[in-house]
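A short worksheet on the structure shown next.
The values are calculated or read from the model by the stated rules, or taken from the named source; none is laboratory data. Because the structure is predicted, anything quoted here is derived from the model rather than measured. Reconstructed Cβ throughout: ideal geometry from the backbone, glycine too, with neighbour counts over all protein chains shown.
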Amino acid sequence: MAAAAAAAPESWQAAGPRKRRSAARRPRRRQAAPRYPEAEFEADSGVVLRRISDAEKDLLISDFWSSALETINKCLTKHLEQLKAPVGTLSDTFGNLHLDSSSDESDVAPDSIPGGTLGTGTCLWKCVCYGIGNFATCIIARNQLTFLLLLLEKCQIPRSHCWVYDPLFSQLEIDVLNTLGVTVLSENEEGKRSIRGEATIFYMLHCGTALYNNLLWSNWSVDALSKMVILGNSFKGLEERLLARILQKNYPYIAKYHSP
């Protein structure tokens, strides 16, 4: 857009009988686009892929990755055990919908997250990701995408079994995601995605409350909820930040989640 504007011919007009150029109408100098700390130039796909690779290297050696991996490992190990058990009540399944960092029920090594079904070599999990953001121009969004890619690898989830969507994605970002092998959804599901009986991890960092509510509404059954894991905002935190009447009126399924 900026290049197109700069290439447009200048418009000159006469000012008075002498036809002198008005100082107010002299060609303007090009002004540099404002720079922001978290904004980067949206380059070609090769540059974006290299940035993702660099972010992956940084994340792998970070304390955050080790800590997060340990928490996820504990949650998914417990979840797999419960999938083999008889289906209980709604109350029994609620604990599987989000990660609980206080859990200490697993001694499995953090770098060996269970993902495939034993003895078959087939993948147990599916993954759906909403709301990563513009990872081509935002460092935070790129780190979130990098975390997702590493999570798929550790959980042995083929990238072709991961669906991603953000209404903010540029065509460049869609091309990069296609190159990475994940599936980019063409329509905004607004969180209304049924898991259709398949164990699914929803990667929804900092999504809107309505999106979480829609997801619960679409899967409000013992069988479906028992097969879901949500990596995202704390439902308890959402409840604490909203008035009870607002929660009940606008987000009834999140309200039901905390009902006794």
* Structure fact -> Of the residues in segment 188-209, those that are part of a strand (DSSP E or B) and more than 16 Å from Ile132 (Cβ to Cβ) come to Thr200
* **segment 46-73 residues that are assigned to a helix (DSSP H, G or I), paired with ones that are among the small types (Gly, Ala, Ser) and modelled with pLDDT of 90 or more (beta carbon under 9 Å, 6 or more apart)** => Val47/Ala136; Val48/Ala136; Arg51/Ala136
* Members of segment 224-243 found to be part of a helix (DSSP H, G or I) and within 14 Å of Thr209 (Cα to Cα), listed by number -> Phe235, Lys236, Gly237, Leu238, Glu239, Glu240, Arg241
* Within segment 159-179, track down each residue that is more than 16 Å from Arg193 (Cβ to Cβ), touching a strand residue (DSSP E or B) at 6+ places or on another chain (Cβ under 8 Å) and surrounded by 17 or more Cβ atoms within 10 Å (Cβ to Cβ). => Phe169, Leu177
* Among the residues of segment 127-143, is any free of Cβ contacts under 8 Å to residues at least 60 places away in the same chain and part of a helix (DSSP H, G or I)? -> yes
* **Test: Ile157 is part of a loop (DSSP other than H, G, I, E, B), touching a residue at least 40 places away in the same chain (Cβ under 8 Å), closer than 29 Å to Thr77 by Cβ and out of contact with any His (no Cβ under 8 Å at 6 or more places or on another chain)** => yes
* To do: Hey, can you tell me all the residues within segment 192-227 that are touching a residue at least 60 places away in the same chain (Cβ under 8 Å) and of a type in the set (D, E, K, R)?
  => Arg193, Glu198, Asp223, Lys227
* Within segment 210-223, how many residues turn out to be surrounded by fewer than 21 Cβ atoms within 10 Å (Cβ to Cβ) and outside any loop (DSSP other than H, G, I, E, B)? -> 7
* Of the residues in segment 224-238, how many are surrounded by fewer than 19 Cβ atoms within 10 Å (Cβ to Cβ), farther than 14 Å from Ile132 by Cα and modelled with pLDDT under 90? -> 3
